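The block underneath contains the structure these notes are about, expressed in structure tokens.
None of the figures in this text is laboratory data; all of them are computed from the coordinates on show. Everything quoted here is computed from the prediction, not taken from an experiment. Positions of Cβ are generated from backbone atoms using ideal geometry, with glycine treated the same way; all protein chains shown enter the neighbour counts.
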């Protein structure tokens with residue numbers, strides 16, 4: 001629904017744009033550095049994944065509302081946990097919007113994909129050998145509508161009535177469906193592959209667990 | 001079984017690639033001969049018929065040269081010529097070939113009907129050029145300049161001051177009526193009447209008994225034969241530096257303006273569904289199964305005649321200093337797929353369309369050289385002219401599904417789902433622009449208006465039940481009203497902008513045209529409302545009623 005209209009909410013001054021970007025980058029790094037034991041290899045892999053998904057989003061931008069970031073955020077959230085998932089979502093949003101258009105909406109897109117990553121962290125997709133693809137497909141469809149709703153909030157101003165917003169959402173339904181279909185396609189094609197690739201990075205939760213266990217053992 | 005299906009699909013795809021439909025491409029034509037006609041322009045299309053080519057010139061008016069009508073064999077040998085010593089202006093009434101026939105008023109051999117600029121209509125024998133009969137009509141500065149029409153065993157002639165109907169076999173007059181003054185205006189013949197435009201923008205209806213009535217006054221000048229379409233009578237009106245296109249409802253005489261075009265319109269042509277117009281800015285395609293709505297445009301300058309080369313190619317002279325002819329190909333849905341140039345050794349200003357015979361094209365321009373092109377024997381295909389996208393898309397989708405079916409037969413269900421999803425996504429992407437457009441229209445129709453754009457008592461009463469456009473920037477509004485007949489929100493906006501001197505910048509995208517800025521203001525976007533209801537699709541696809549308040553608002557906070 002986001003691309004159905006040409007209006008993206010308030011126009012920001014360059015300074016306000018910069019403040020939002022700095023805050024988002026700060027949030028992403030804050031989430032990443034809270035990881036107690038992140039190896040250099042893990043950082044390289046995550047950065048590579050951020051760059052790849054950013055490039056894919058820019059590449060697919062001409063296709064209306066086909067968003068590879070959504071499934072990627074789901075999988076990162078599921079495999080690496082909510083905090084790294086949110087950091088991933090924020091970084092991809094910032095980097096890709098620097099190339100395809102930055103503004104007030106960046107905040108809402110980052111929030112939307114962060115929410116998707118948090119949703120992903122609640123999934124139990126099993127392991128690479130016993131991958132529960134059905135759960136991923138259902139989540140991929142639901143997350144399209146969730147993201148589009150959150151991103152659409154960017155057009156809301158004090159002058160927007162509930163009825164205005166409802167009509168706006170209604171206009172975007174074909175694009176929501178397209179987003180869901182795109183997500184499903186990405187999930188079917190690359191879900192298992194990405195899930196397995198991310199498995200080589202220990203999840204934050206696993207790391208925390210191992211740290212706690214170390215202390216317990218040492219104590 | 002599955003393997004056979006896959007093989008059949010691949011075979012079908014291969015055949016489609018190897019044997020595409022052949023297009024009439026410039027590359028497939030070769031100049032066979034050319035003749036420099038003495039001291040004259042060629043301003044109207046030649047005619048190729050039965051081994052002969054007929055062409056007329058329009059004199060330069062230097063020395064003693066006078067306009068002529070020539071007949072050549074298709075091999076380039078001159079058969080006869082006919083000079084008018086008395087014609088008074090540039091002759092541009094197209095020649096009319098009358099195949100031999102008979103009717104209640106007599107019989108006739110193969111003839112060429114010629115309208116001269118001194119007001120004379122003359123009928124010549126096609127075989128030797130001798131005059132069978134002639135009849136004079138009024139001349140005011142010039143006489144006959146428009147296209148003569150055949151109506152059974154009669155000719156209907158657009159004269160300088162009106163119209164006359166003459167028996168083909170002997171020139172006997174059936175009727176002559178006074179209408180408005182004409183210039184290059186032709187006649188539309190329908191079952192019950194004849195329709196003609198004039199230099200004052202009037203559309204006249206003349207019944208078969210010669211009774212005339214003024215049906216509509218559009219202002220401007222009508223310089224072509226009105227065109228009958230399933231949506232009404234189509235006219236392209238010349239107005240100073242612009243032009244407008246109108247539809248006339250023949251039942252009640254009402255007219256609507258459907259488009260604003262560029263300067264100096266060409267003579268439009270039509271087939272069963274589409275009308276093609278030209279002017280100094282664009283060649284435009286209108287779909288008359290959809291109220292003659294604009295489908296596609298190609299930027300060019302063409303101010304004279306247009307011609308169908310085949311069901312889906314339009315040939316036209318580009319009226320510029322080094323102008324050639326151009327060939328525009330349109331799809332079955334009216335979209336322009338390609339435009340290629342047909343260059344000749346004598347490119348330059350021109351208004352005459354080419355003429356097509358069996359494997360031949362005859363053409364001429366202001367250089368006054370008649371050129372005969374023949375189709376080369378070698379079969380050539382031109383990928384530029386052929387619309388490959390749908391066929392390649394279909395082949396790819398079918399092939400992908402076939403491979404998916406094959407994978408399924410091998411129990412590779414994972415790959416089957418992948419391929420099915422890919423096909424589904426690509427198909428959905430292909431239909432999304434149209435689907436979203438229809439969906440948005442349906443949302444608007446079913447949602448209630450908030451009534452914020454209601455009638456303002458300070459507006460003139462003459463604006464009641466007309467089209468009104470409000471432009472709002474930072475709370476300040478400018479309003480243009482009293483507009484009529486615009487079919488889309490974009491056309492209405494551009495009409496208002498023209499009236500109020502707003503500068504509108506429009507960007508074309510796959511999902512339609514978007515207004516990027518008005519008067520240089522971009523903000524974070526422009527949104528528009530129809531009778532207070534937020535519109536949900538691009539303004540070029542949003543239809544508007546005859547009584548509407550279109551409100552553009554700059555978003556900037």
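In plain terms, the chain from residue A:55 to residue A:162 could stretch by 34.9 nm, reckoned as 0.36 nm per residue minus the Cα-Cα distance.
Given R0 = 56 Å, the distance between the Cβ atoms of residue B:438 and residue B:127 translates into a calculated FRET efficiency of 0.45.
Take each peptide in B:98-109, B:197-208, B:253-264, B:121-132, count the other Cβ atoms within 10 Å of every residue, and average; sorted highest first, the result is B:197-208, B:253-264, B:121-132, B:98-109. Distance between the C-alpha centres of the range B:470-528 and the range A:77-93: 42 Å, rounded to the whole angstrom. Shown for A:80, B:166: other C-beta atoms within 10 Å of each C-beta, ranked fewest to most, produce the order B:166, A:80.
With a 10 Å Cβ neighbour count serving as the proxy for reagent exposure, in which order, fewest first, do B:494, B:214 appear?
Listed from fewest to most nearby Cβ atoms, that is B:214, B:494.
Take each residue in B:411-418, count the other chain C-beta atoms within 10 Å of its C-beta, and the mean is 2. Taking the C-alpha atoms only, the angle from helix B:388-409 to the longest principal axis of chain B is near 40 degrees. For chain B, the longest principal axis of the Cα atoms and the long axis of helix B:489-500 meet at an angle of about 70 degrees.
Mind checking the full-extension length gain between residue B:456 and residue B:138? Use 0.36 nm per residue of separation minus the Cα-Cα distance, one decimal, nm.
Between residue B:456 and residue B:138, full extension yields an extra 109.2 nm.
Rounded to the nearest 10 degrees, the angle from helix B:413-446 to the longest Cα principal axis of chain B is 70 degrees.
What FRET efficiency, computed as 1/(1 + (r/R0)^6) with R0 = 30 Å and r the Cβ-Cβ distance, is obtained for residue B:498 and residue B:341, rounded to the nearest 0.05? Calculated transfer efficiency: 0.40. Between residue B:102 and residue B:32, the modelled label-to-label distance comes to 3.4 nm, taking each label 7 Å out from Cα in the direction of the beta carbon. Here each label is just a point 7 Å from Cα along the line to Cβ, and for residue A:30 and residue B:289 those points are 6.1 nm apart. When each of B:546, A:176 is scored by the number of other beta-carbon atoms lying within 10 Å, the sequence from fewest to most is B:546, A:176. Here the gap between residue B:81 and residue B:505, fully extended at 0.36 nm per residue and compared with their Cα-Cα distance, gives a gain of 147.3 nm. Averaged over peptide A:167-176, the number of partner chain Cβ atoms lying within 10 Å of each residue's Cβ comes to 6.
Take the Cβ-Cβ distance between residue B:65 and residue B:465 as r, set R0 to 60 Å, and report the resulting FRET efficiency rounded to the nearest 0.05. That gives a FRET efficiency of 0.55.
Per residue, the protein assembly as shown reaches -11000 deg cm²/dmol at 222 nm when only DSSP H runs of four or more residues are counted, each adding -39500 (n - 2.57).
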